[in-house]
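Colleague: One structure, as C-alpha cells, below. Some questions next.
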Amino acid sequence: MPPYELLEFETPDALAQAAATALLADLQAASQAGRTFSVALSGGRVARLFFERLAEQARAHVGVFDHVHFFWADERCMPPDSADSNYRLAQEGLFAPLNLPASNIHRLRGELEPAQAVVQAEAELRELVAPDAKGMPALDLVLLGLGEDGHVASLFPGAGPDVVNCPAPFLAIYDSPKPPPRRITLSYAAIAAARAVWVLASGAGKAEALRNSLIPGGQTPLARVIQQKMAIKILCDPTKEIACKQIA
Ligand code: 6PG
C-alpha cells in the first residue's frame, strides 16, 4: 500500500473543485466537533484557481471558516501588497470575497528580514497550534503545490542539511531557483508533523516531477515529504506519463 492517495482529474479546474469540496467537508466536520482547524496555504497558479473555487463553494456554507486559522507553507520575501505575494493571492482569491476576519489570518511577514520573519512566524504558529509529541506544532492540513523540479513550498532540490534537517517549524531560504530568491518556508519537519498533507500537482510540466517523486527512493523534495509522512493526498491532472488513479 503506497503511503499516498493519488487522484486524477480531467482538468485543473476539476482538480481545484475537488480539493475545495474535500476541504469544506473537513472544515464542516471540525466545526461540528467544536474544533478549530489550522491550514497552511501555498502559492502558485493552482492555488489561485483553488482559492476561487473554494470561495465559490463556500458561499453555500455560511460560517464554515469561523474557526479556521490560515497560515502559509511559504511566502516570498516581499511586502504583502506585492503582486507576487502568496498572502495577496489568498487575500484576493479567498479572504476578501468571503470577508474573512483578519484575526484568523496569520501571514508570513515577507516585508521583514527573513530571519526576523521566521521568528515571528514560529511564535504565531505556536500560539494557535498545539505541538505534537516531538514539540512541533501539528497543523491540521498543509496544502502544497508541486514545482516542475519537484519542489514543494519553498523546499527545493539540492538544498543542504541545514534546510533538509531544520528542526524549527519555519526557515528562511536565500537561494530559491524560483524567483524571488528570498523566501520563508515551512520545514520538512513541520510538514511531517501535519495531520494531513495535500499536494495539488497541476499543470503542464509536472509529470516528470511527479513520477520522480513517486518512485521508491525518489530524490525530489516531494519524494522526501512522501517518505517521511504517511497518508498524503496527491491530486493531479492527467499526464501521458503517469496514469494517476485513485488507489482504493
Ligand atoms: C511558491 C509556491 C510554490 C508553488 C509551486 C507550484 O511560493 O512559489 O508556494 O511552492 O506552489 O511552485 O506552482 P504552480 O502551481 O504555479 O506551478
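Colleague: Go through the range 132-150 residue by residue and tally those that are over 14 Å from S187 (Cβ atoms) and either buried (at least 20 other Cβ atoms within 10 Å of the Cβ) or within 19 Å of the chain's Cα centre (by Cα) (or both).
Modeller: Selection size over the range 132-150: 9.
Colleague: Here's another thing I want to ask about it. State yes or no: is A159 within 15 Å of the ligand (Cβ to nearest atom) and more than 18 Å from the chain's Cα centre (by Cα)?
Modeller: In short, yes.
Colleague: Here is a check on your reading of the model: is D66 modelled with pLDDT of 95 or more, in contact with a Lys or Arg (Cβ under 7 Å, 6 or more places away or on another chain) and surrounded by fewer than 19 Cβ atoms within 10 Å (Cβ to Cβ)?
Modeller: Against the criterion (modelled with pLDDT of 95 or more, in contact with a Lys or Arg (Cβ under 7 Å, 6 or more places away or on another chain) and surrounded by fewer than 19 Cβ atoms within 10 Å (Cβ to Cβ)), D66 does not qualify.
Colleague: Just one of A207, A153, A201, A194 is among the aliphatic types (A, V, I, L, M) and surrounded by fewer than 24 Cβ atoms within 10 Å (Cβ to Cβ); which is it?
Modeller: Of the residues listed, the single one that is among the aliphatic types (A, V, I, L, M) and surrounded by fewer than 24 Cβ atoms within 10 Å (Cβ to Cβ) is A207.
Colleague: For the range 65-91, enumerate the residues that are charged (D, E, K, R) and more than 15 Å from the ligand (Cβ to nearest atom).
Modeller: Scanning the range 65-91 gives D66, D81.
Colleague: Taking into account only those residues within the range 33-63 that are away from the ligand (no atom under 16 Å from the Cβ) and within 15 Å of the chain's Cα centre (by Cα), which is surrounded by the most Cβ atoms within 10 Å (Cβ to Cβ)?
Modeller: Ranking the candidates gives S38 first.
Colleague: In the range 149-206, which residues are in contact with a strand residue (DSSP E or B) (Cβ under 6 Å, 6 or more places away or on another chain) and β-branched (V, I, T)?
Modeller: Once the filter is applied, which keeps residues that are in contact with a strand residue (DSSP E or B) (Cβ under 6 Å, 6 or more places away or on another chain) and β-branched (V, I, T), the range 149-206 yields V152, I173, I184, T185, I191, V197, V199.
Colleague: From L6, L54, L15, which residue is part of a helix (DSSP H, G or I) and touching a Cys at 6+ places or on another chain (Cβ under 9 Å)?
Modeller: Selected residue: L15, the only one of L6, L54, L15 that is part of a helix (DSSP H, G or I) and touching a Cys at 6+ places or on another chain (Cβ under 9 Å).
Colleague: Scan the range 28-51 residue by residue and report those that are part of a helix (DSSP H, G or I) and of a type in the set (A, V, I, L, M, F, W, C).
Modeller: Once the filter is applied, which keeps residues that are part of a helix (DSSP H, G or I) and of a type in the set (A, V, I, L, M, F, W, C), the range 28-51 yields A29, A30, V46, A47, L49, F50, F51.
Colleague: Limited to the range 189-235, what total is found for residues that are of a type outside the set (S, T, Y), within 16 Å of the ligand (Cβ to nearest atom) and not in a helix (DSSP H, G or I)?
Modeller: Total satisfying the criteria: 14.
The values are calculated or read from the model by the stated rules, or taken from the named source; none is laboratory data. None of the values given here were measured: they were computed from a predicted structure. So basically every Cβ, Gly included, is an ideal-geometry build from the backbone, and we count neighbours across all protein chains shown.
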